[in-house]
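Report on the structure given below.
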Amino acid sequence: MMKSFRTRTIGRVFIMVALLGSTLSAQAQDVHQPGNSTTANATSHIPVTMTAAGLMERGMTQRQQGQLREAIGTFTQAGKIAGATGATEWQQRAAGELGVTLLQARHLAEAEPPLLIAYRSSQGRERARYAVYLGNLNQELKRHTSAENYYTEGLKLAGDDADTYWSVQLNRLRSLPEQDKAAHIQSLSAELNQAGASPGLARHHLNLGDQATQLGAPLRRIAYGHLDTARKLAERAQDPRLTVESFDALAQLYENQGRTADALALIAQGQALAERIPPAQNADLNIALEWRRGRLLKASGQNHAALAAYRRVVEQLDGVRQDIPVEYSDGRSSYRSLFEPIYTTYIDLLLSQLDRSAQEPATANLQQAVQALELIRQTELQDFLGDRCATETAQGSSSAANGTGAISRALPTGTAVLYPLILSDRLELLLVSNQGIFRRKVAVRSPELREEATEYAASLRRGLPDTRNSARRLNDWLLAPLAETLTTQRIERLIVVPDGAIRLIPLAALHDGQRYAIEKFAISMVTGMSMTNASEPARNGLSALVAGLSLPGPVVDKLEPLLAAQILAPDAGSGTSNRGLGGLAQHAELRAIRNLDVRIKDEGNTASPGRPSSAATTATAPATAATPAVTNSGLQALRDSLALPGVRDEIHSVSNVLRGQSLLDSEFTVGKFQDAVKSGDYRILHIASHGIFGGNAETSFIMAYDDVLNIHGLQALLKSEKFQKAPIELLSLSACQTAEGNDRAPLGISGAAIKARAKSVLGTLWPVEDNAAKLLMQYLYAELTQKQQSKAEALRQAQLRLLRQPATQHPFFWAPFVLIGNWL
């Protein structure tokens, strides 16, 4: 039997949950025994099956190492080879392992068909294995009845096979609502304790103890009993890896109780034992143990030792980061549960050390802090896009790839990069210019900053008359502490790498009591300097593809029923299309999808905005059975609700400034847009259509006339080699809409730029007023083409023109426009 399948784990705190137990997993990897057939037909396929076997084993190895994208390709290839020559059993095996890998990669809709193929073609324990995977899949898709049916069948198929039985039970337990888990854990605990002391049950004791630990003090005794049993059984089986995991799990239990000394003792034992495991197999364990040790040392006030521990964790993590999936199989984000807490605490310790001692090497600490901030932002965008390799196309062209010193040296005089970092007890500001790195610490707690930023963003979004107090307060926190440095160095261009709730607000609209920030600086944002192509743009001969949608066509048929129902839902209040907004927004002609914020700001809702017409270009999640389809009579009302009457004028005005091609309404189909992109030599893509950016890539999309185009689809349309050699200079989205209150939503604008291979993207933080959008775009392109200004300065001048006109002087009109990426 081959070793059990487990995707690379990083200890017990952020372990990628093993969906099944060791025996079933080993069956999955026993790829050299497809069946007992002795027919001539089977014999004739021996060379093919050997090829398929090699690919299957390779895929298993890739999956174990967390290389999910590569494993998906390998299993797909194995299935094609087997299918081409009629090797049915190998084709079914490949389909099953492809489905398992897609499920672990969180491609839920794509995982179901191959899993069903494997489930329907298998028997006994193998069928039970796929029943559990399908149970987990249906649980993720909120099909609770179907999930329960699959789990029940898995239990029936398990028979008297203890390993299969417990694998099913523990997966079923993990899927239960939190309020039901305690009673089930108590019941399963009593049953597992009666199951004997077979070493094969060690993993199940560890699993049950881990789940009991998560429920806290009421189940602490049960948790300890199973974790200690897991340790003893693992030691008896001479399984050092499982023993180390048991030490770590027990240390977690002690850490939760504040028993720091006991937890550190267990960590020491685990680290000593981990040294006996081959280096290729223990990196994840070393990270988990050292991370816990660092946390425990910090909690006990030993900050110097804690920093040393975190420095080792960061070094080790950098070596395996590509092997860590973006999302674990239990749905947790590796960014939220792993990268962010590690890097944030590391930066906290680095900067706090400077406060404690004037003897510390300040420059080195500041450089390390900025490098860690770059890694945080890079990992967060990968998390948003759901792909660890998603940012590769944006790397390598910036000096940031060579470290913080290179960033500083490459910045011209008058340009600075601002890194704000929101910590629980303070705000840290790091400013990088060609004069070095400058730090300011602001005594504002995270909840206060988030509340102020969220309220200011909401006030701007609604166009409320009195926003100056919030604008002044946020300026006091974000810009005023650096005012002297900015003035002394004559900074005119400010590049911001925002954090958290700071993304919700346009820094251009901060106010110092006399002027808005846009009156002093050309402000742009980047997700990270390491992901920014900072090369000089071509100034002359910029051609554009201008696409717009004033009245949608068949795309309304592709919208999810849930989304359509929300758009059509009657609102309480007045009869305008902007009901409930108040302020200037109440009577403005907004480029907004009505009622949508309720839906897209909920990160728990993973429903996709549209059904696919092709996997490459559109969203993929199926409609939920509980939501009725839109009736024929409702389609016209839906189309009317999504109309953008001012887009027609905008397309004409922009086309008068930019040379190139325009696609309006029925001409703006996905196919015609793709053909135009392929046939033309465009440096600007201007899209005036509904663009929605939610909490992840799946809830972010742009509407064409005939279909929904998500940001993964945007990449598929723009993957031509010519864009690698000559990237798009600017992608403009003049009617996009971000989820209110969701600080991850603006990442969708950054993601659109990366997927489109665009050096810069111009988007909006809230629904813009129709005429203001048309005017700003006209002014912007005139500045770019006629005056050959930089993109950041062109946007600044366009915003200033609106600011200086009485009808559009409120930041509601000019502030939502943000430039992300290359500012030159």
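Throughout, read-outs are computed from the coordinates displayed, never taken from laboratory work. These figures come from a predicted structure and were not determined experimentally. Every residue, glycine as well, gets a Cβ built from its backbone with ideal geometry; the counts of neighbours run over all protein chains shown.
Amide H contacts under 5 Å for V496: L418, S524, M525, V526, restricted to partners 5 or more places along the chain or on a different chain, H placed in the peptide plane at 1.01 Å from N. For the stretch 419-432, putting each phi into the Karplus relation 6.51 cos²θ - 1.76 cosθ + 1.60 with θ = phi - 60° gives couplings of 10, x, 10, 8, 9, 4, 10, 6, 10, 9, 10, 10, 10, 10 Hz, in residue order, rounded to whole numbers and with x for Gly and Pro.
Near I728, the amide H atoms lying under 5 Å from its own belong to K759; only residues 5 or more places off or on other chains count, and H is placed 1.01 Å from N. The alpha-carbon of K298 sits under 27 angstrom from the alpha-carbons of these lysines, leaving out residues fewer than 8 places away in its chain: K441. Computed 3J(HN,Hα) for the stretch 535-542, one whole-Hz value per residue from the Karplus formula 6.51 cos²θ - 1.76 cosθ + 1.60 where θ = phi - 60°, is 6, 5, x, 6, 8, 9, x, 5, glycine and proline marked x. Here's how it looks for S550: its modeled amide H is under 5 Å from those of D665, which are all 5 or more places away or on a different chain. Projecting the Cα atoms of M525, P412, A457 onto the dipole axis of the stretch 391-531, where Lys and Arg carry +1 and Asp and Glu carry -1 at the beta carbon, places P412 farthest toward the positive end. A Förster distance of 51 Å, applied to the separation of the beta-carbon atoms of A268 and H652, puts the FRET efficiency at 0.10.
Is there a quick way to get the dipole size of the stretch 272-379? I mean about its Cα centre, with the Cβ of Lys and Arg at +1 and of Asp and Glu at -1; what is the value in debye to the nearest 20? The partial results should precede the final answer.
On the way: 12 positive and 13 negative charges, 55 e Å.
In total the dipole reaches around 260 debye.
Could you please state, rounded to a whole Å, how far the C-alpha centre of the stretch 669-748 is from the C-alpha centre of the stretch 277-340? Spelled out, the Cα-based centre of one part sits 36 Å from the other.
Explain nothing, just the number: dipole magnitude of the stretch 665-768 about its Cα centre with +1 on each Lys and Arg Cβ and -1 on each Asp and Glu Cβ, in debye rounded to the nearest 20. Let's see the in-between values first.
On the way: 10 positive and 11 negative charges, 100 e Å.
Result for the stretch 665-768 is approximately 480 debye, rounded to the nearest 20.
With 0.36 nm allotted per residue and the present C-alpha distance subtracted, the N149-A308 stretch has 52.2 nm of extension available.
Computed from backbone phi, the HN-Hα couplings of the stretch 798-803 come to 5, 5, 5, 5, 5, 4 Hz, rounded to whole numbers (Karplus: 6.51 cos²θ - 1.76 cosθ + 1.60, θ = phi - 60°; Gly and Pro given as x). Using R0 = 45 Å, the C-beta based FRET efficiency linking Q179 and R356 works out to 0.50.
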